[in-house]
Each structure stands twice: as structure tokens, then as C-alpha cells.
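*Asks:* Dropping a structure here in C-alpha cells format, bear with me for questions.
The values are calculated or read from the model by the stated rules, or taken from the named source; none is laboratory data. Predicted model only: the values in this text are computed from it and were never measured. Here Cβ is always computed from backbone atoms with ideal geometry, including for glycine, and neighbour counts include all displayed protein chains. Ligands, DNA and RNA are stripped out before the accessible areas are found, and what is left, the full protein with its side chains, is counted by its heavy atoms. Shrake-Rupley method; radii C 1.70, N 1.55, O 1.52, S 1.80 Å.
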Amino acid sequence: MDETLYTPIEKLEKFKENKDAIIIAVQISYKNDTKEDIHQGLIELAKETSSGTWVDVTTTTKESTQADAWIILEKGNIGYIGLPAHNWDISGGFNNVFSNIGGNYFGLYVLKKARLLDVYFPPAIVKQFPGPRFGIDGVYKLFGNMKRMIAGSIVKPKMGLSAVDWAKVAENVFWEADLVKDDENLCNQTFCPWKDRFTETMTRQQKIVEKTRAPKMYAHNITTRDIVGRARDVQALGEKLGAPGFSFMIDGVIAGLNAVHSVREQDDLKHPIYIHRAMHGAMTRGKDFGMTFLVWAKMFRMAGADYLHTGTYGSGKMGEREEMHDVLLQEDPDEIPVDLLDSTMYLNRWLIKKWEHLKPVLPMASGGLFPGALPRVRRFNAAIGNSFHIGCNAGGGIHGHPDGTRVGAKSFKEVAEIVETKEYQALTAEKERLDYLAKFASKPGKEYLKWAFDRKEWGILV
Ligand code: CAP
Ligand code: MG
């Protein structure tokens, strides 16, 4: 655990005089990491991330210095670097941003560590980006303003099923739960062409919506080269089928922020954008070189994500159990341990906090979830002031139920409903909540829920 404390950029004593610049916070290691070494390392980094190189050159002019980055502050091995806002060529969307805030310096062999911890963009830049078209309120409206967590599923096996077999699994989810999504690696493979999968799924979804009158959503993966073209084709097919319950899913880290922004800025595209974050771990888990997902989450909000994967508060397989640290219960902490910047609690605060004109983004918890994990997700989500506004997906945690997908989905959704009841909400002690849920599942007819709660790898997390 890196105990280094990080001061958020907006909390810096020197923030006011630099608030019109782009500001990055970078944690580095250089030579022997003395105060002087860190200072020198940050000078090298500032040069490399703006106008300089490894030696002084004869071609520098007075004018060229307008692009120089500068060191705002050094706190231990964390440096706060200011870059002139005009260094980001916004005319090209997001393509130029990482070339400025997180490009070359990662390759400087003299740096033994360089982690981009955080980024601040001045309002003049943020205002140039659309942000979510729907946001949390808009997405929940599509779900009939339900007063509970959205219960979703990822069809498993995630690859290999034919379009019809995939749609049959989706159908069983839709009978009970709210949302089905493509998995991150499923798009238009020959064994499951997107048009067939979309058609088979949406016709089944439509029949269930007509029967149950309950809103359903299919997040369809459009991660492809001509992503706007694919979005238009999906939208046209949805209209032809008379089936509006779908969102555009994009593997946002892999496709890139520009792809998300390009889909968002098409005014004729009228469906929410669902961002999966596959491959983020390649950049965010390393403790020496890389960046936090916080950097990505801020820009996905600017680019127009309506839903964004940000982890399960450590309730699933993609992260150890997160603790509810006091600092994470503060809305706007003055300092936070570096290792908590990518905690689901801190990430989700940045998805929902007031930020210029940008609508809040719906957090999606996914990855190793199961019915009994939902109470814990709900408690953590409430702790950051986001109540029940979160989508929860389970793949194995639904399709792994021995009574099949439909029963698994029923179990998952039922727990999302139980935790919203007055009786459950009135319980504050952990043991009371555990006993309440166990008792609920021990009733006749609830054997399927008892199985889920009793399964060794699943259980109940409150
Ligand atoms: C979950 C999942 C999700 C990741 C996402 C998977 O399946 O479909 O893509 O977990 O993680 O492929 O593993 P299970 P994150 O429910 O079966 O685990 O949201 O942290 O990026
Ligand atoms: Mg997946």
C-alpha cells in the first residue's frame, strides 16, 4: 500500500493562479529520489510533456516558450505540472490530449517511475465537450424511473454462441432483470454477426416488454472501425424492428476517447452510450508506470458516457474488498492516499459531482458480482450519496445458478428489490441485515435465493 497522500489539484494553495491551465499530477521516481532529484525529474518531465527535449536546443524562440510547461508545486514525489491550455489541439477532439498529458514522459529511461495520477482541465476546455446526453436521470427515465439499482447481466459464455443461442440467453435474463449487455470482446464475429444478434435479441426483448410492460435495455457493442456508421446502422435496425430499448456499448479504452466523443456528437444518434473499460488494467494497475482510471473517468464524462464501468466497491472479482475509509466518506477531501484514487468510491464521486454543465454518469458495477453481493454495493453507493443510482451486472453470478439463467436473473433482481424495502433499510447492524436476508431466503418458495446465499463462492455481503 502506497501511503503517499495526494492533494487534489483544486485544493492546491497555488491552484487559483493556475486555474486557466491544464494541470497534471504525476508521481515519479528519479535517480536517488532526493528532493533535488525529484525536482530535476519533474523538470525533465515538464520539458518532455510540452516543448522541450533532453538537451537545450539553439532553435528555441521567445514565441516558442509560450508552449512550455511549468512546475506548479512539488509535494514529496508528486509533481503538479501546468501546461498552457492551447497545447491541447481540441479541434482534433481527444486525439491530442494524451500526447500532451501522458505521452512521451512514460518512455524517459531516466524516470524509474511515472504515474499520471490526476488531471484538471480549465472550464474553457470542459465547456467545449458535450458530456452525457442522458446522464443518470435520463437513463433512469428509460428504465421507468425505477427506485432501485438496475439489475443487468452479461451473456456467458461471452464468446462462441450463435446469434440465436446468445439471444435465447438474453431472453431468459430479460424475463426477470432489466439489462443485458454484450461482453467486451463480442462484436461482429462470424459465429455471431451483430445484425443477427441484435435482431434476435431485440425481437425477443420487445415481446417481453409487451408482456411485462417493464422497460428493458440491451447494451450492444459497436466497437468497430467505423463506429459512427455502425451506431447509425444499429439505430436504423432498432427503428425497423420497433424496438427502442438499446444503448450503444463501446470498449472506451480500446476504441479511444475520440470514438466515444464522435458517437456522442452525432445529434441524430438518440441512444445512451455505455462505456466498458476493458484493458484499463494494463495502464492502471502498475505502480511504477501508468495512470489512474480517474484520468480516464473524467474524460469519459466529458466525452459523453451515460454509463461507465468503475468497479464493484471491491465486491467482485476485479478488485480486493474496498474499505469504507473515512477520507472516502468526505465529499471533497483535502488529501487522499494515492492508492484510493482508483477506488470505486472516489471514481464514482467524480461521475456524480457537479462539474460545469456535465450531467452525472451512471456508475456500472460489474465483475464477479452475484445476488448476495448487491447489499454491499448498495451500501457503498449510498455512502457517497448516490443512493440506488447504479447498474449492477452479473455474468457468472447469474448464469452460474444451477436452476439456469432465468432463476439466476430472478435472484439477482430480487435482492436489488429487497435492499430497497423499508424493513431492510431500517436495519443498520451487519448481523441484522445478514439475518434478515437469510430469513427471507429460508421461506418456502425461496429455495433458489437460499441456494445463491448458501453457495460458498457467493454468500451474502452487506
Ligand atoms: C464480468 C465481465 C466484465 C468485467 C468488467 C467479465 O463477468 O463481463 O466485463 O468484469 O470489469 O468479462 O469479466 P462476470 P470492470 O460477472 O462473470 O465476472 O467493470 O471492473 O471493468
Ligand atoms: Mg466482460
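*Asks:* Looking at Leu347, is it in contact (Cβ under 8 Å) with a residue 24 or more places away in the chain and either buried (at least 17 other Cβ atoms within 10 Å of the Cβ) or in the same structural domain as Lys19 (by TED's automatic domain parsing) (or both)? Reasoning before the result, please.
*Replies:* Values: in contact (Cβ under 8 Å) with a residue 24 or more places away in the chain: yes; either buried (at least 17 other Cβ atoms within 10 Å of the Cβ) or in the same structural domain as Lys19 (by TED's automatic domain parsing) (or both): yes.
Here the answer is yes, as Leu347 does meet what is asked.
*Asks:* Do we have Ala297 as within 16 Å of ligand 2 (Cβ to nearest atom), at pLDDT 95 or above and closer than 30 Å to Leu111 by Cβ here?
*Replies:* Numbers: within 16 Å of ligand 2 (Cβ to nearest atom): no; at pLDDT 95 or above: yes; closer than 30 Å to Leu111 by Cβ: yes.
No, not satisfied.
*Asks:* Select from region 283-330 the residues that are in a loop (DSSP other than H, G, I, E, B) and hydroxyl-bearing (Ser, Thr, Tyr) and write down the one among them that is farthest from Leu179 (Cα to Cα).
*Replies:* Thr292
*Asks:* Answer yes or no as to whether Gln206 is farther than 27 Å from Phe370 by Cβ, within 16 Å of ligand 1 (Cβ to nearest atom), assigned by TED's automatic domain parsing to the domain that holds Val139 and not hydroxyl-bearing (Ser, Thr, Tyr). Working first, answer last.
*Replies:* Numbers: farther than 27 Å from Phe370 by Cβ: yes; within 16 Å of ligand 1 (Cβ to nearest atom): no; assigned by TED's automatic domain parsing to the domain that holds Val139: yes; not hydroxyl-bearing (Ser, Thr, Tyr): yes.
Spelling it out, it is not the case that Gln206 is farther than 27 Å from Phe370 by Cβ, within 16 Å of ligand 1 (Cβ to nearest atom), assigned by TED's automatic domain parsing to the domain that holds Val139 and not hydroxyl-bearing (Ser, Thr, Tyr).
*Asks:* List the number of the failed condition for Val377; all other conditions in (1) in contact (Cβ under 8 Å) with a residue 40 or more places away in the chain; (2) touching a Lys or Arg at 6+ places or on another chain (Cβ under 9 Å) hold.
*Replies:* (2)
*Asks:* On to the next question. Testing Thr212 on (1) within 16 Å of ligand 2 (Cβ to nearest atom); (2) over 21 Å from Gly367 (Cα atoms); (3) open to solvent by 20 Å² or more (accessible area, probe 1.4 Å); (4) not acidic (Asp, Glu), one condition comes back false. Which one is that?
*Replies:* With (1) within 16 Å of ligand 2 (Cβ to nearest atom); (2) over 21 Å from Gly367 (Cα atoms); (3) open to solvent by 20 Å² or more (accessible area, probe 1.4 Å); (4) not acidic (Asp, Glu) applied to Thr212, the lone miss is (1).
*Asks:* Here are the criteria: (1) closer than 30 Å to Ile352 by Cα; (2) out of contact with any helix residue (DSSP H, G or I) (no Cβ under 6 Å at 6 or more places or on another chain); (3) surrounded by 20 or more Cβ atoms within 10 Å (Cβ to Cβ). Tell me which single one Arg232 does not satisfy.
*Replies:* (3)
*Asks:* Could we say that Glu320 is of a type in the set (Asp, Glu), open to solvent by 10 Å² or more (accessible area, probe 1.4 Å) and within 16 Å of ligand 1 (Cβ to nearest atom) here?
*Replies:* Working: of a type in the set (Asp, Glu): yes; open to solvent by 10 Å² or more (accessible area, probe 1.4 Å): yes; within 16 Å of ligand 1 (Cβ to nearest atom): yes.
Considered against the rule, which asks whether it is of a type in the set (Asp, Glu), open to solvent by 10 Å² or more (accessible area, probe 1.4 Å) and within 16 Å of ligand 1 (Cβ to nearest atom), Glu320 comes out as yes.
*Asks:* Right, something else. Need at least 2 residues that are over 18 Å from Gly368 (Cα atoms) and more than 29 Å from the chain's Cα centre (by Cα) per element, so show me which helices (runs of 4 or more DSSP H) inside region 395-439 make the cut, counting only ones lying wholly within it. So that I can check it myself, show each step before the final result.
*Replies:* On the way: elements: 396-399, 405-418, 422-426.
Once the helices (runs of 4 or more DSSP H) in region 395-439 are filtered for at least 2 residues that are over 18 Å from Gly368 (Cα atoms) and more than 29 Å from the chain's Cα centre (by Cα), what remains is 422-426.
*Asks:* Continuing with the same structure: Please find, among Thr292, Thr344, the residue that is within 16 Å of ligand 1 (Cβ to nearest atom), within 26 Å of Phe246 (Cα to Cα) and touching a helix residue (DSSP H, G or I) at 6+ places or on another chain (Cβ under 9 Å). Show your work before the answer.
*Replies:* Details: Thr292 fails: within 26 Å of Phe246 (Cα to Cα).
One residue alone meets the criteria, Thr344.
*Asks:* Another one. Determine whether Ser29 is polar (S, T, N, Q), in contact (Cβ under 8 Å) with a residue 12 or more places away in the chain and either assigned to a helix (DSSP H, G or I) or surrounded by 14 or more Cβ atoms within 10 Å (Cβ to Cβ) (or both). Give the steps one after another, and end with the answer.
*Replies:* Values: polar (S, T, N, Q): yes; in contact (Cβ under 8 Å) with a residue 12 or more places away in the chain: yes; either assigned to a helix (DSSP H, G or I) or surrounded by 14 or more Cβ atoms within 10 Å (Cβ to Cβ) (or both): yes.
Yes; evaluated as a whole, the condition is true for this residue.
*Asks:* Write out, first by first residue and then by second, each pair whose Cβ atoms fall under 7 Å of each other, whose residues are 6+ apart or on separate chains, and whose first residue, in region 312-325, is farther than 9 Å from Gly367 by Cα and more than 15 Å from ligand 2 (Cβ to nearest atom) while the second is open to solvent by 30 Å² or more (accessible area, probe 1.4 Å) and part of a loop (DSSP other than H, G, I, E, B).
*Replies:* So the pair list comes out as Tyr313/Glu322; Gly314/Glu320; Gly314/Arg321; Gly314/Glu322.
*Asks:* How many residues does region 273-294 hold that are away from ligand 2 (no atom under 14 Å from the Cβ) and either over 12 Å from the mean Cα position of the chain (by Cα) or not aromatic (Phe, Trp, Tyr) (or both)?
*Replies:* Filtering region 273-294 for residues away from ligand 2 (no atom under 14 Å from the Cβ) gives 273, 282-294.
With either over 12 Å from the mean Cα position of the chain (by Cα) or not aromatic (Phe, Trp, Tyr) (or both) added as a condition, the list becomes 273, 282-292, 294.
Adding up the residues that qualify gives 13.
*Asks:* Sort out which residues of region 246-282 are within 16 Å of ligand 1 (Cβ to nearest atom) and either assigned to a helix (DSSP H, G or I) or not assigned by TED's automatic domain parsing to the domain that holds Asp339 (or both), and write them in order of number.
*Replies:* So in region 246-282, the residues within 16 Å of ligand 1 (Cβ to nearest atom) come out as 247, 249-255, 260, 273-282.
Listed by number, the residues that qualify are Gly252, Val253, Ile254, Ala255, Val260, Gly281, Ala282.
*Asks:* Looking at this structure, is Asp182 open to solvent by less than 10 Å² (accessible area, probe 1.4 Å), acidic (Asp, Glu) and within 16 Å of ligand 2 (Cβ to nearest atom)? Please lay out each step first, then the result.
*Replies:* On the way: open to solvent by less than 10 Å² (accessible area, probe 1.4 Å): yes; acidic (Asp, Glu): yes; within 16 Å of ligand 2 (Cβ to nearest atom): yes.
Here the answer is yes, as Asp182 does meet what is asked.
Here's the yes/no breakdown for (1) closer than 30 Å to Arg264 by Cα; (2) surrounded by fewer than 20 Cβ atoms within 10 Å (Cβ to Cβ):
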residue: Leu341; (1), (2): yes, no
residue: Lys353; (1), (2): yes, yes
residue: Leu374; (1), (2): no, no
residue: Ile384; (1), (2): yes, no
residue: Phe388; (1), (2): yes, yes
residue: Gly391; (1), (2): yes, no
residue: Gly397; (1), (2): no, no
residue: Pro402; (1), (2): no, yes
